[in-house]
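Quick one: structure below, then a few questions.
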Amino acid sequence: MKKILYSFIITLFFTLNLSANTNNEELYKKIDLFAEVLDKIKKEYVDKVDQSELIDDAINGALQSLDPYSAYMNPEFFDSMQTDTRGEFGGLGIEVGMEAGVVKVISPIDGTPASKAGIKAGDYIIKINGTQVQGKSLMEAVKLMRGPVGSEIDLTIRRKGKKKAFIKTIKREIIEIKSVEAKIIKNKIGYLRLKAFNENSSKQLIKIISGFEKSEKPVGYILDLRNNPGGLLTQAIQVTDFFLDEGEILSTRGRKVTENRRFFAKKGDKVNGKPLIVLINNGSASASEIVAGALKDHKRAIILGSSTYGKGSVQSIIPLNNGGGIRITISKYYLPSGKSISEVGVKPDIFIDDEADDFQIDTKSDSQLNYALKLLTT
């Protein structure tokens, strides 16, 4: 048991990425200190403590001290993440991260239970079914939010601008995202709503664009990325490439040489240089920010709405020998201008506040969409 314990401790402290100037003697002192603290907890703490769980929490604490997106998954949770549940479990349809010890909503996905319930980007989930989130890891909170399809969950929400927390009751559903919706709207404008960047997003989008170009001949396009939490980096690059004729799309930089990459557009703007407006809001994150930021830097599109979320990093899932895994940030995105998206996001060229809870095509209440239509039709 002692040998296993020290194995965990050594793994933990190497994960902490101590300074290169820290010599082995100082490192071993830290390991001894950690072992001493564990021993004191075991002997002195008022309640009996599961040391295995305590070490899991320490590992997770080390990872979450790095950024809100890094986390530890124990073998049970890691297995559930890897296994197809065949519809047995349902979700809410939100992308989340951790901030100040509580769960922060990055973005609710259109058409999902969370979106229908009025959950907004930037909301803080402070309780799940009455259980305090403070002190729990992100993965523990996510596990609490999962459950059988059709079952209900109570989320206690704190929202900026609201003095009191409030409760939203949401029914879990199977989350199946149709990533692209499109139609021709007012005065032959091609409206393209991209809800997520999954494996088939770019294929769906180019099929629609090709169809519009052959039959409808739009005079311009609106690319709606509001409340799009992101997804696959490769899809963001391909989607951006549809609207560029040349130039850099983005670069990634990390500690490893293999993570330092640059991506460029291929010859051929799929909409033949027609006017393009991109709609963004605080729920536009990660891959959405790559698309909006690159098109803005190349002055290929007018960016309209409110500032994006600011998630400009790449995470990798790495399996561990114990059957668990870690999600860890391995690189950051940089726009063609050289600017990082992290914590800053993409600022719009034209700021129009986000008033709608659920985005529907061509509704009078959608001030951002209506403003974009005026720009393209006047």
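Working only within the range 197-236, note down all residues that are crowded, with 24+ Cβ neighbours inside 10 Å and aliphatic (A, V, I, L, M).
Within the range 197-236, ILE222, LEU223, LEU225, ALA236 qualify.
Table: residues versus (1) in contact with a His (Cβ under 8 Å, 6 or more places away or on another chain); (2) at pLDDT 90 or above; (3) part of a loop (DSSP other than H, G, I, E, B); (4) within 10 Å of ILE170 (Cβ to Cβ).
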position	(1), (2), (3), (4)
GLU95	no, no, no, no
MET98	no, no, no, no
VAL105	no, yes, no, no
ASP110	no, no, yes, no
ALA114	no, yes, no, yes
LYS127	no, yes, no, no
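Which residue pairs have Cβ atoms closer than 8 Å, lie 6 or more positions apart in sequence or on different chains, and pair a first residue in the range 188-202 that is farther than 13 Å from ASP110 by Cβ with a second residue that is of a type in the set (Phe, Trp, Tyr)?
That search, which allows pairs on different chains as well, returns ILE189/TYR221; GLY190/PHE212; GLY190/TYR221; TYR191/TYR221; LEU192/TYR221; SER202/PHE242.
Still on this model: For GLY283, indicate whether it is under 15 Å from the mean Cα position of the chain (by Cα), touching a residue at least 60 places away in the same chain (Cβ under 8 Å) and assigned to a loop (DSSP other than H, G, I, E, B).
On the way: under 15 Å from the mean Cα position of the chain (by Cα): yes; touching a residue at least 60 places away in the same chain (Cβ under 8 Å): yes; assigned to a loop (DSSP other than H, G, I, E, B): yes.
In short, yes.
Among the residues of the range 120-130, is any within 30 Å of THR378 (Cα to Cα) and not hydroxyl-bearing (Ser, Thr, Tyr)? Give the steps one after another, and end with the answer.
Restricting attention to the range 120-130, the residues satisfying the condition of being within 30 Å of THR378 (Cα to Cα) are none.
No, that holds for no residue.
Hey, another quick one. With LEU376, LEU304, LEU295 as the choices, which residue is in a strand (DSSP E or B), of a type outside the set (S, T, N, Q) and either surrounded by fewer than 16 Cβ atoms within 10 Å (Cβ to Cβ) or in contact with a strand residue (DSSP E or B) (Cβ under 8 Å, 6 or more places away or on another chain) (or both)?
On the way: LEU376 fails: in a strand (DSSP E or B); LEU295 fails: in a strand (DSSP E or B).
Just one listed residue meets the conditions, LEU304.
The values are calculated or read from the model by the stated rules, or taken from the named source; none is laboratory data. It should be emphasised that the depicted structure is a prediction, and the values quoted were computed from it without experimental measurement. Neighbour counts are summed over all protein chains in view; Cβ atoms, including those assigned to glycine, are modelled from backbone coordinates with ideal geometry.
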